[in-house]
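Notes follow the structure.
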Amino acid sequence: MLVRAVRWLLGRIFALLWRIAWRVGLVTAILIAIAVTYQYGTLPPARDLLDGRARGSVTLLDRNGQVFAWRGEQFGGVITADTVSPYLRDAIVATEDKRFYRHFGIDPIGIASAIRINLSEGRGPLSGNGGSTITQQTAKLLCLGTPYDPGSGQTEREYEARCRQTTLWRKVKEAIYAMAMEAKYSKDEILTIYMNRAFLGAGARGFEAASQRYFGKSAAELTPAEAAMLAGLLKAPTRYSPTNDLKRAQDRARVIIDLMESQGYLTAAQAQEARDNPARLSDAAAARAGGYFADWVMGEIPEYFGANTTEDVVIRTTLDQNIQAAAEEALKLVFQERVADDSEAQAAIVVMSADGAVRAMVGGRKTRVSGVFNRATQARRQTGSSFKPFVYATALDLGWSPLDTVLDAPYCEDIPGSGQWCPKNYTGKHYGKVTFARALRDSLNVPAVKVARMVGLDNVRKVAGGFGLEGDLALGPALALGASEATLIEMTGAYAGILNGGSSVRPYGMVELRLQGDDKPLMDQTGGIGERVIRPEAARQLIWMMEKVVQEGSGRRAQLPGREVAGKTGTTQAARDAWFIGFTADYVAGVWMGYDDNRPLKGVTGGGLPAEIWREMMLRVLDGAPPRPLPKQEPIPPTRTADKAAATGARGGGLGQVVDQILQDIFGGGGNGDRAGRNR
């Protein structure tokens, strides 16, 4: 009796629970059906969901039209499940959702398996493996139908973090949205949305962009090994990005290849071929070039076409990737061989054509970086003796000759508010009467100060400013010795003005900016040459003087076999900065070395390591190119004596204001013999 009573009671309880369960189940099913129906009605056509970026992208091309850098989220264009490589489609399904073509948006088997794994590994049931289907992942990519609103006060990062939440209620809403998608779209349409919206590292949004970014080819042309590497990115795009760690990406791809083989998507022979020949990056992706240069170009264009663009923009630039590689190799070589491993010294390089077209840029010893401090364009440092060519440019433009002379002897000035100032030569010696050419060749300080005083400091500032050195130029005589600050790109651009015959230069990196798909550019740049600063004859004579610096003077280490080179060294007070800026007939290049905290360099001058870096770089840049002569002009020896010049008055606008007493003070006060001879 007792057993029968228990059985009867249990039966009644079971019946009651069953009645409750099926009613609850029915109500739940009705509510789910209502929710799915509602979501179904809100879903737009599949084609409207393929590109969900809030912002556009920027693709940067080098001077030859080759891609070298990307900025923003790159979207390679719409692809479909039918147009991509079948290996890619199979790799995605094998990796992310092997029952994709058999479930209704959610996969109870997959969810149960994921919960079991998470609990066995000591995590919460929703932490770690999620058991999400491709449809659910697509729903998450769509943020359950809530687009990003820039006016909401929420950043894109905050918006995406909210979309990735894994709370229980969020999972329920995600499942409903996924089932609505299954009702609205075909499996291939869902897969198409997923393939176009997935983020795959390195700024690539969608598999077409990733294929172009990493392999330089369309997603329709992917091999099994390449398809496996891209599919492997879905788990952790940054961690498995091949531009971050190619070996790790290849190891992850092998896991995908095993899955494809086990699920019948690859034959044993195909799988082994893919393992034996792992995917490799395209040249552009492997180089990761253009960091400093690309950052600089992006900073030079309007933000609505750059960092904040909502369009897909293509920028053709002046960059030469061969020259960029040469600059990076030279810098690395010299630091490896000549600088202590623990040294914190930094360096920067700029290479440009005579019209200001920047061909290469290195902003620091770490060359494969982006978004960091660029010493080539942002560091303002004292220029030292690399400023002296502008002193002599002023004199030559006013009619003086490189063969005119100046007395190199002890010299002092009384500086109002500072007292007596006595410039000294680097050697501590004086050399008597020297030509302007020798004074520049040996980087003598006293003659430079005297010549600057003679032609007028205002005139020197005017010439230097005309060549692009427009910062706060020193007001006193120390101007002649490079007491003013400038960036490396400004100094290199100023020297480019000397090479091009005396016209100002505005360094530029952008040649053309257009929207992707458009033929007509929105912005373009045909050259950076501006107004004339000094006479062509003066520029050619200055080049003749600067060639002597490299042939016979402080810049000997920059010599190139069989080629004419002109340039100037620069070392600031206490050797805090070391410069070498020089040019051949082909290119102008500047090199700077120093510490970021302005500490003195040890045993480094402009004619030392900077000149060596310059030489190593230019040997690579000009390898195989025919030698070309510099546009120099050898001066005619003076035909007028100094006393006759004094009697007739100084030539040129600025010199006409210089009085005999100043000339006498500057040139040593020893009579006419100590004055510079002049010729027209």
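The values are calculated or read from the model by the stated rules, or taken from the named source; none is laboratory data. Here the structure is a predicted model, which means the values were calculated and not measured. When we count neighbours, we look across all protein chains shown, and the Cβ atoms used for this are built from the backbone with ideal geometry, even at glycine.
Quick notes
- Some residue of region 529-537 being out of contact with any Phe, Trp or Tyr (no Cβ under 8 Å at 6 or more places or on another chain), outside any helix (DSSP H, G or I) and within 21 Å of Ala360 (Cα to Cα): yes
- Residue within region 57-65 that is outside any strand (DSSP E or B), crowded, with 16+ Cβ neighbours inside 10 Å and hydrophobic (A, V, I, L, M, F, W, C) present: no
- A count restricted to region 279-297 and to residues that are assigned to a helix (DSSP H, G or I) and modelled with pLDDT of 90 or more stands at 6.
- Single match in Thr394, Thr318 (criterion: within 21 Å of Thr487 (Cβ to Cβ), of a type in the set (Ser, Thr, Tyr) and buried (at least 20 other Cβ atoms within 10 Å of the Cβ)): Thr318
- Every condition in (1) among the hydrophobic types (A, V, I, L, M, F, W, C); (2) in contact with a helix residue (DSSP H, G or I) (Cβ under 6 Å, 6 or more places away or on another chain); (3) closer than 28 Å to Val434 by Cα is met by Ala496 except one, and the failing one is (2).
- Of the residues making up region 342-362, those that are at pLDDT 95 or above, in a loop (DSSP other than H, G, I, E, B) and either out of contact with any helix residue (DSSP H, G or I) (no Cβ under 9 Å at 6 or more places or on another chain) or not aliphatic (A, V, I, L, M) (or both) are Ser353, Asp355, Gly356.
- Scanning region 142-162 for residues that are more than 16 Å from Pro44 (Cβ to Cβ) and crowded, with 17+ Cβ neighbours inside 10 Å yields a count of 1.
- Where helices (runs of 4 or more DSSP H) fall wholly inside region 190-278, the ranges with 3 or more residues that are crowded, with 24+ Cβ neighbours inside 10 Å and in contact with a strand residue (DSSP E or B) (Cβ under 9 Å, 6 or more places away or on another chain) are 207-215.
- Glu329 being free of Cβ contacts under 8 Å to residues at least 12 places away in the same chain and under 17 Å from the mean Cα position of the chain (by Cα): no
- In region 194-213, the residues that are free of Cβ contacts under 8 Å to residues at least 24 places away in the same chain form no Cβ pair under 8 Å with any partner that is part of a helix (DSSP H, G or I) and buried (at least 24 other Cβ atoms within 10 Å of the Cβ), whether six or more places apart or across chains.
- Of all residues in region 91-138, those being exposed (fewer than 13 other Cβ atoms within 10 Å of the Cβ) and modelled with pLDDT of 85 or more number 4.
- Which numbered condition Pro423 fails, given (1) closer than 13 Å to Leu479 by Cβ; (2) touching a helix residue (DSSP H, G or I) at 6+ places or on another chain (Cβ under 7 Å); (3) part of a helix (DSSP H, G or I): (3)
- Test: Arg71 is under 20 Å from the mean Cα position of the chain (by Cα) and in a loop (DSSP other than H, G, I, E, B): no
Results for (1) closer than 29 Å to Tyr87 by Cβ; (2) among the small types (Gly, Ala, Ser); (3) within 31 Å of the chain's Cα centre (by Cα), shown as yes or no for each residue.
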position	(1), (2), (3)
Pro150	no, no, yes
Tyr177	no, no, no
Arg205	yes, no, yes
Ala210	yes, yes, yes
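- Qualifying positions in region 499-546 - of a type in the set (Gly, Ala, Ser), under 23 Å from Phe293 (Cα atoms) and surrounded by 17 or more Cβ atoms within 10 Å (Cβ to Cβ): Ser504, Gly509, Gly528
- Qualifying positions in region 586-603 - in contact with a Pro (Cβ under 8 Å, 6 or more places away or on another chain) and either surrounded by fewer than 24 Cβ atoms within 10 Å (Cβ to Cβ) or aromatic (Phe, Trp, Tyr) (or both): Trp592
- Complete set of residues in region 17-49 that are at pLDDT 85 or above and hydrophobic (A, V, I, L, M, F, W, C): Ile34, Leu43, Ala46, Leu49
- With respect to being within 22 Å of Val588 (Cβ to Cβ) and of a type in the set (Asp, Glu), Glu490 fits the description.
- Residue within region 332-348 that is in contact (Cβ under 8 Å) with a residue 40 or more places away in the chain, buried (at least 19 other Cβ atoms within 10 Å of the Cβ) and among the acidic types (Asp, Glu) present: no
- Pair list, Cβ under 9 Å, 6 or more apart: region 19-33 residue within 22 Å of Met179 (Cα to Cα), other residue surrounded by 10 or more Cβ atoms within 10 Å (Cβ to Cβ) and not small (Gly, Ala, Ser): Ile32/Ile176; Ile32/Met179
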